[in-house]
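All remarks here apply to the structure that follows.
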Amino acid sequence: MLITNANLADGRTGIDVLTDGDRIAAIGANLSVPEGTEKIDAQGQLLSPPFVDAHFHMDATLSYGLPRVNQSGTLLEGIALWGELKPDLTQEALVGRALQYCDWAVAKGLLAIRTHVDVCDDRLLAVEALLHVKQVVAPYLDLQLVAFPQDGILRSPTALANLKRSLDMGVDVVGGIPHFERTMADGAESVRILCELAAERGLPVDMHCDESDDPMSRHIETLAFHTHRLGLHGRVTGSHLTSMHSMDNYYVSKLLPLMREAQVHAIANPLINITLQGRHDTYPRRRGMTRVPELMAAGINVGFGHDCVMDPWYSLGSGDMLEVAHMGLHVAQMTSQAQMRACFDAVTVNSAKILGLADYGLEVGKRADFVLLQAADVVEAIRLRATRLIVVRAGQVVARTPPATAVLSLPNRPPSVSWTLRR
């Protein structure tokens with residue numbers, strides 16, 4: 001396959017991309033190709049590596065309204081609802097909803113997802129279901145599983161044993177939720193236990209960390225400490241980190257260098273953070289998302305996650321990572337050209353780094369995974385939440401969407417003057 005006349009996310013224009021089997025064989029201008037090569041003219045549209053969701057909950061997705069709707073809109077009611085639903089879960093329902101969501105994701109050019117899976121159900125139904133889904137979707141989507149003790153490894157009597165069982169079954173990443181333990185001390189202890197378990201097994205760590213409005217919820221400091229102590233640099237991620245939006249600036253000025261030293265990744269979930277946080281505020285109401293521009297400026301790798309789609313915590317969503325980038329841009333007030341491009345990176349290359357996707361990117365020799373967007377550049381792609389014209393996985397087109405067009409019929413309107421908007 002030869003993609004011609006494409007614009008790339010780094011600003012290059014008029015670029016051809018040639019695939020050979022499932023690999024990218026060449027990138028450049030005016031490439032010569034063997035006769036019979038399939039050619040797709042990008043017509044100056046943006047060719048990007050696929051979108052990556054660094055934080056999701058696929059075991060809960062598409063369960064909105066079961067057993068009832070979250071009336072308060074809070075994180076804690078969502079957790080309680082999920083607890084009510086768990087006894088009624090079946091593997092068939094879990095697999096069906098997950099596969100439906102994976103189809104949505106592929107159509108949106110989302111070809112890699114890190115999903116947390118609750119291990120606090122002693123049956124481990126969700127773990128078994130998502131391990132099966134991971135195998136089914138492997139030809140067209142990379143699915144990475146995190147063993148997530150939703151009820152706390154110290155608060156729930158069987159959670160730690162279940163987490164270890166799930167890792168034995170093939171789950172990829174050690175998860176945690178220190179702010180949901182009974183005390184701050186228990187939360188800190190859970191971080192130690194889980195980091196040592198990950199070090200012992202040679203696994204990455206991704207913890208729901210400080211997902212609250214409490215400025216004194218500071219488990220990310222403990223996570224950075226144990227990452228450094230155990231030599232887990234580059235393998236550990238703090239997800240959410242919403243308490244950082246309430247911390248005083250002096251403490252944050254100390255915290256950011258500690259995170260950078262430990263090479264801890266950070267994940268913000270703009271759609272969900274802005275929805276769940278600040279629920280106890282009157283006015284002024286806090287924005288609810290961690291300090292994304294400050295983290296990036298400190299040299300910390302920041303990815304964005306969708307987190308939830310139609311589940312006990314969030315009633316909306318469609319698997320569109322450009323919607324996530326769009327919300328993140330607005331909430332963080334990242335409106336310079338460089339900052340908007342950084343938001344695009346947060347749903348592509350930055351999140352790929354968090355997942356450790358070594359075969360990712362528009363580079364010669366990498367797997368031929370990419371998406372052609374109906375936009376000239378990344379800023380326009382975010383602005384328009386651009387149509388995914390084609391999605392390619394391992395050199396094969398796996399999804400196509402017709403271009404978005406509108407035909408106007410405006411009676412008595414004088415002809416318009418042709419013009420082109422230029423930045």
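The values are calculated or read from the model by the stated rules, or taken from the named source; none is laboratory data. Worth saying up front: this structure is predicted, and the values here are computed from it rather than measured. Neighbour counts run over all protein chains shown; Cβ positions are idealised from the backbone, glycine included.
Worth pointing out:
- Test result for Met327, part of a helix (DSSP H, G or I) and not polar (S, T, N, Q): yes
- Residue within segment 205-223 that is surrounded by fewer than 24 Cβ atoms within 10 Å (Cβ to Cβ), among the charged types (D, E, K, R) and part of a helix (DSSP H, G or I) present: yes
- Filtered by the rule that a residue be out of contact with any strand residue (DSSP E or B) (no Cβ under 8 Å at 6 or more places or on another chain), within 22 Å of Arg286 (Cβ to Cβ) and crowded, with 17+ Cβ neighbours inside 10 Å, segment 224-251 gives Thr242, Ser243, Met244, His245, Ser246, Met247.
- Unique match (being in contact (Cβ under 8 Å) with a residue 12 or more places away in the chain and not assigned by TED's automatic domain parsing to the domain that holds His306) among Ala346, Ala406, Ala381: Ala381
- Extreme residue, nearest to Ser336 (Cα to Cα), among residues of segment 369-406 that are touching a Gly at 6+ places or on another chain (Cβ under 7 Å) and surrounded by fewer than 22 Cβ atoms within 10 Å (Cβ to Cβ): Ala376
- Matching option when the condition is among the aliphatic types (A, V, I, L, M), closer than 25 Å to Gly109 by Cβ and more than 17 Å from the chain's Cα centre (by Cα), among Met310, Met334, Met296: Met334
- Every residue from segment 258-280 that is in contact (Cβ under 8 Å) with a residue 60 or more places away in the chain, part of a helix (DSSP H, G or I) and surrounded by fewer than 24 Cβ atoms within 10 Å (Cβ to Cβ): Thr275
- Scan segment 70-101 for residues that are touching a strand residue (DSSP E or B) at 6+ places or on another chain (Cβ under 8 Å) and free of Cβ contacts under 8 Å to residues at least 12 places away in the same chain and the total you get is 0.
- Test: residue in segment 282-290 that is buried (at least 24 other Cβ atoms within 10 Å of the Cβ) and part of a helix (DSSP H, G or I): no
- The set of residues from segment 147-184 being in a strand (DSSP E or B) and either touching a helix residue (DSSP H, G or I) at 6+ places or on another chain (Cβ under 6 Å) or surrounded by fewer than 22 Cβ atoms within 10 Å (Cβ to Cβ) (or both) comprises Ala147, Val174, Gly176.
- Segment 5-28, residues that are crowded, with 17+ Cβ neighbours inside 10 Å and either over 18 Å from Val391 (Cβ atoms) or not β-branched (Val, Ile, Thr) (or both): Asn5, Ala6, Asn7, Leu8, Ala9, Ile15, Asp16, Leu18, Ala25, Ile27
- Among the residues of segment 82-101, the ones that are within 28 Å of Gly288 (Cβ to Cβ) and either within 23 Å of the chain's Cα centre (by Cα) or not aliphatic (A, V, I, L, M) (or both) come to 7 in all.
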